[in-house]
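The values are calculated or read from the model by the stated rules, or taken from the named source; none is laboratory data. Source: prediction; values computed, not measured. We place every Cβ from the backbone using ideal geometry, glycine too, and count neighbours over all the protein chains shown. Heads up: the accessible areas ignore ligands, DNA and RNA and are worked out on the full protein's heavy atoms, side chains in. Shrake-Rupley method; radii C 1.70, N 1.55, O 1.52, S 1.80 Å.
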Amino acid sequence: MPENKTMTSATEPHAGCLHRELGGLAATQIGRRGFLKGGLAAAGLGALAACSVNPATGRYNFGTIEDDVSTGRNQHPEVLRAFGGAYDDPKLARYVTEIGKELVTFTEVPNLRFTFTILNTPTVNAFAIPGGYVYVTRGLMALASNEAELAGVIGHEIGHVIARHGSERQTQGVLAQLGAAAVAMASGSPELTNVAALGGQAYLQSYSRDQEFEADTLGVDYMASAGYDPAAMATFLATLRDFSRLQAEMAGRDPNSVDQFNFMASHPRTQDRVEKAISEAAAEKEPNAVLRRGAYLQMINGMLYGDDPKEGIIRGREFIHPVLRFEFEAPSGFRLQNSPSRVVAGNGRDAGMIFDIAQSASGSPSTYLSREWSNQVSLSNIDSFTVRGLKAATGTTRVTTQSGLTDIMVAAIEAEDNRVYRFTFLVPAGRLQAYQTAFLDTVRSFRRLTKAQANRIKAYRLLIKTARRRDTVDRLSRNMPFGKFNAQAFRVLNDLTGNQEPSPGEEIKVVTD
């Protein structure tokens, strides 16, 4: 393996740095490897805050990587809260951390302390925040097929940290937009996203394509230096694209629009640029580069798949919360997505829904809507009724969003401890009447669960088994939670193309409850 790279850095007074940044002097034009070979003296992480040369990119940055650490330390708890916390599997957590730490030893800052976290969410994503905090979701880990693919993802995010891409876009409010991006992915509705973001920017701010290519180049270099086959980065991107197309189809959206509402929305790059990054790293590829498929599959064997019952689970159009003991059914054609703070759904065209639980100081749902909810907007057509013995009320309004006029129907159902269960339905202005019956049916589908009913709700698990001669996709996918899309989801999960069937003796992923 190549020797570890040493960190190189340079600092200068603030005015000089500003002059270089604005003037685009030669240092910013030096290629990455050319810069590393340029012989700048190592200065450690204690560089002056005014300005420093980034050891990975050759660009001048205000501050240093060390300056990012306090930022990341403050944001880390917010990320955990937003994404369901860290996944509770110490063995798997150590495994991911060991992969990450190994990759860091081949970076330009091998002594920088990184924190690697598996987020307890089925959402397929990975990202990093300044200061060495790297996150992968268990949803992404379920999709990966070998250790090299996971290493490619982690190496890419390490590249973002070291290149300080997060710091360069810090003022764009990255964390504030993560929740809104989840709404967009679930609903395909900019109107719904705008409301969920509370008037803020609609989508997760993406890195630029140049930043993504730079992170790909760095990540491929790191994984190749660590002995992994760098082509795994490209194979995983292909799997991500197949998964995204399936998600779009399931949500009733055009599969060609996948890059607007998924992993690719915040990681914009093209296959040819990934291939270019891999080509540039070919000289560093180990003769016996590894994938480590078997070891990886055994590590994820038994991993939670889909929603964690502690946060509620999705079964088709049903949302069931066995801990809080309630369930409801979304309108026909809607696709649900869960998060720790809300459930969102959309039909991929023009209608969306948000469900959450709110505190109420009022004595009834109708009073809550007229006095508390309508403090934000003017609410009309308030109607009171009961849902399976629970007091409920609905009301409507029209608001202006970034995408134009939007009609809203809100419903509140009484809950314990001065709270209300709350539905918010959104459609373009003039479309509410067409959807009102379906929205009311969803409200009336709400029901409380008995303790016995709640105890029967089990989580899905990802299991690894060896395919037998008579195993078929249809047979192996029957327990997956995607209904008519079960077979397609199984093929994506196991990298099976077209009408390909699993080969006898091959290790495959199956989902069961």
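Observations on the model:
- Taking segment 348-382 as the range and being among the hydrophobic types (A, V, I, L, M, F, W, C), more than 22 Å from residue 312 (Cβ to Cβ) and out of contact with any helix residue (DSSP H, G or I) (no Cβ under 9 Å at 6 or more places or on another chain) as the test, the residues that pass are 369, 373, 377.
- So residue 69, is it part of a loop (DSSP other than H, G, I, E, B) and either at pLDDT 95 or above or touching a Gly at 6+ places or on another chain (Cβ under 8 Å) (or both): no
- From 273, 269, 292, residue being modelled with pLDDT of 90 or more and more than 19 Å from residue 489 (Cα to Cα): 292
- Of the residues making up segment 470-502, those that are of a type in the set (S, T, N, Q), part of a loop (DSSP other than H, G, I, E, B) and open to solvent by 60 Å² or more (accessible area, probe 1.4 Å) are 479, 497, 499, 500.
- For first residues located in segment 410-425 and touching a residue at least 24 places away in the same chain (Cβ under 8 Å) and open to solvent by less than 10 Å² (accessible area, probe 1.4 Å), partners that are part of a loop (DSSP other than H, G, I, E, B) and of a type outside the set (Phe, Trp, Tyr) and lie 6+ apart or on another chain with Cβ distances below 8 Å form the pairs 410/379; 412/360; 420/360; 421/415; 425/351.
- Of 233, 303, 299, all but one fail to be modelled with pLDDT of 75 or more and in contact with a strand residue (DSSP E or B) (Cβ under 6 Å, 6 or more places away or on another chain); the exception is 303.
- In the set 466, 442, only one residue is within 31 Å of the chain's Cα centre (by Cα), open to solvent by less than 20 Å² (accessible area, probe 1.4 Å) and touching a residue at least 24 places away in the same chain (Cβ under 8 Å); that residue is 442.
- Screening 105, 117 for residues that are at pLDDT 95 or above and touching a Phe, Trp or Tyr at 6+ places or on another chain (Cβ under 8 Å) leaves exactly one candidate, 117.
- A Cβ distance below 8 Å, combined with a sequence gap of six or more or placement on separate chains, defines the contacts here; from segment 485-511, residues that are on the phi > 0 side of the Ramachandran plot and touching a residue at least 40 places away in the same chain (Cβ under 8 Å) reach residues that are open to solvent by less than 60 Å² (accessible area, probe 1.4 Å) and in a loop (DSSP other than H, G, I, E, B) in the pairs 495/145.
- Scanning segment 106-117 for residues that are among the aliphatic types (A, V, I, L, M) and open to solvent by 10 Å² or more (accessible area, probe 1.4 Å) yields a total of 1.
- Segment 323-337, subset open to solvent by less than 20 Å² (accessible area, probe 1.4 Å) and closer than 26 Å to residue 450 by Cα, residue modelled with the lowest pLDDT: 336
- Residues being farther than 19 Å from residue 387 by Cα and not acidic (Asp, Glu) - total across segment 405-434: 12
- Subset tally (residues that are open to solvent by less than 30 Å² (accessible area, probe 1.4 Å), in a loop (DSSP other than H, G, I, E, B) and closer than 22 Å to residue 393 by Cβ) for segment 338-361: 2
- Any hit, segment 421-429, residues being modelled with pLDDT of 95 or more and of a type in the set (A, V, I, L, M): no
- Filtered by the rule that a residue be among the hydroxyl-bearing types (Ser, Thr, Tyr) and either open to solvent by 50 Å² or more (accessible area, probe 1.4 Å) or farther than 26 Å from residue 333 by Cα (or both), segment 445-463 gives a lone residue, 450.
- Screening residue 86 on (1) open to solvent by 10 Å² or more (accessible area, probe 1.4 Å); (2) small (Gly, Ala, Ser); (3) in contact with a His (Cβ under 8 Å, 6 or more places away or on another chain) shows it passes everything except condition (3).
- The residues of segment 372-431 that are over 18 Å from residue 356 (Cβ atoms), of a type in the set (Gly, Ala, Ser) and out of contact with any Leu (no Cβ under 6 Å at 6 or more places or on another chain), listed by number, are 378, 380, 384, 389, 403, 404, 430.
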